[in-house]
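Reading through the structure tokens given below for one structure.
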Amino acid sequence: MAEPASSRDVEPAAAPSGVILFDKPPGVTSHDVVVGVRRALGQGIKVGHAGTLDPFATGLLLVLVGRATRVQRFLMALPKTYEAVARFGAVSTTGDPEGEITETGLVPDGELTLPTGTLMQRPPAYSAVKVSGRRAYAMARAGVEVELAEREIDVYRFSESRRADPRRGYVIKCSSGTYVRSLIADLGDAYCEQLRRTAIGDFAVTSADPERIIPLAEALGFMPEVRLAPDDARRAGHGVVVPGEAHGVVRLTDGDGLIALAAPAASGEGLKPIVGLRA
């Protein structure tokens, strides 16, 4: 069966549903943004986001409204693009301006090796990764030594955009789960002084509009579409496998729009709805 809507997920037919492109300012958390949107839309509307931005960071946050919260993991998996400013000659306990800064005076000359490709990265101790049910940053702040396991990441682009010692600007495009703070710290005696997320997949911060909710069918346009005949559409709405082929997750649609997301069935034949999206 497709994922059922729980009792708390049931929405009135006219309830808003979709994605808001929000340009987060510095000094507020991603959770603060979600709370503000929920307050504006009404407490009965479910609201979430697809990828946290640190409080000091700015830029694109995908705010999910109504049924869009059901597809959070697919939006979170999209690659991210950032503009970062590295401050050399100093290190930070958190890798950003909010940590304890220690001046080292070691500012590099010339070109630096900027790693790209598939890399192994250890998340910073001050991160939201959970360790035995606790956030790593909470443990670090409590004085508990935290060493997180390395994970595989992909860095598609890492290029220098400007230079004015002791600072250098970079453009970084990377896979979900990449910590830009760690990429910057690994360059030497440096920390990430400024960070702005400019894109998530094909969503750009230049299109941000906190007043507009992009319909879910439009927001999921990056996924392949499989159009169904009426009988198959009804079956898909009940989570039943329908005819079709795909190499990954696809949108199932009919003449009335979006029905569900589906993946290849375990039997190897047909498509199995995995997330129901029809109201």
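In this entry, residue 38 is excluded by the filter for residues that are touching a helix residue (DSSP H, G or I) at 6+ places or on another chain (Cβ under 9 Å), of a type in the set (D, E, K, R) and crowded, with 17+ Cβ neighbours inside 10 Å.
Note on the stretch 79-100: residues that are under 17 Å from residue 116 (Cβ atoms) and polar (S, T, N, Q) amount to 1. Closer than 17 Å to residue 89 by Cα, over 18 Å from the mean Cα position of the chain (by Cα) and of a type in the set (A, V, I, L, M, F, W, C): does that describe residue 149? When the stated conditions are applied, residue 149 does not pass them. Being under 20 Å from the mean Cα position of the chain (by Cα), touching a residue at least 24 places away in the same chain (Cβ under 8 Å) and farther than 18 Å from residue 183 by Cα is not true of residue 53. Could you grab me the full set of residues in the stretch 29-50 that are more than 14 Å from the chain's Cα centre (by Cα) and touching a residue at least 40 places away in the same chain (Cβ under 8 Å)? If the condition is that a residue be more than 14 Å from the chain's Cα centre (by Cα) and touching a residue at least 40 places away in the same chain (Cβ under 8 Å), then 37 is the only one that fits. Residues in the stretch 59-70 that are buried (at least 21 other Cβ atoms within 10 Å of the Cβ) and under 25 Å from residue 135 (Cα atoms): 59, 60, 61, 62, 63, 64, 70.
The condition of being closer than 30 Å to residue 24 by Cβ and either buried (at least 18 other Cβ atoms within 10 Å of the Cβ) or of a type in the set (Asp, Glu) (or both) holds for residue 220. Across the stretch 104-120, the number of residues qualifying as surrounded by 10 or more Cβ atoms within 10 Å (Cβ to Cβ) and farther than 9 Å from residue 155 by Cβ comes to 5. Of the strands (runs of 3 or more DSSP E) lying entirely inside the stretch 24-111, those carrying at least 2 residues that are more than 19 Å from residue 214 (Cα to Cα) are 80-88, 90-92, 101-103.
Within the stretch 246-258, is there a residue that is basic (Lys, Arg), within 29 Å of residue 38 (Cα to Cα), outside the structural domain of residue 67 (by TED's automatic domain parsing) and at pLDDT 95 or above? Yes: one or more hits. Checked against the criterion of being in contact (Cβ under 8 Å) with a residue 12 or more places away in the chain and closer than 14 Å to residue 223 by Cα, the candidates 239, 248, 270 yield just one match: 248. Condition (residue is without any contact (Cβ under 8 Å) to a residue 24 or more places away in the chain and either within 21 Å of residue 70 (Cα to Cα) or surrounded by fewer than 19 Cβ atoms within 10 Å (Cβ to Cβ) (or both)) applied to the stretch 223-230: is it met by at least one residue? Checked the stretch 223-230: no residue is without any contact (Cβ under 8 Å) to a residue 24 or more places away in the chain and either within 21 Å of residue 70 (Cα to Cα) or surrounded by fewer than 19 Cβ atoms within 10 Å (Cβ to Cβ) (or both). Of everything listed in (1) closer than 17 Å to residue 81 by Cα; (2) touching a residue at least 24 places away in the same chain (Cβ under 8 Å); (3) surrounded by fewer than 18 Cβ atoms within 10 Å (Cβ to Cβ), the single unmet condition for residue 193 is (3). Taken as a whole, the condition of being surrounded by fewer than 19 Cβ atoms within 10 Å (Cβ to Cβ) and part of a strand (DSSP E or B) applies to residue 263.
In the stretch 86-113, of all residues being among the β-branched types (Val, Ile, Thr) and in contact with a helix residue (DSSP H, G or I) (Cβ under 9 Å, 6 or more places away or on another chain), the one that is modelled with the highest pLDDT corresponds to 91.
The values are calculated or read from the model by the stated rules, or taken from the named source; none is laboratory data. Please read these numbers as outputs of a predicted model, since none were measured by experiment. Ideal geometry is used to build each Cβ from the backbone, glycine not excepted, and the neighbour counts take in all protein chains shown.
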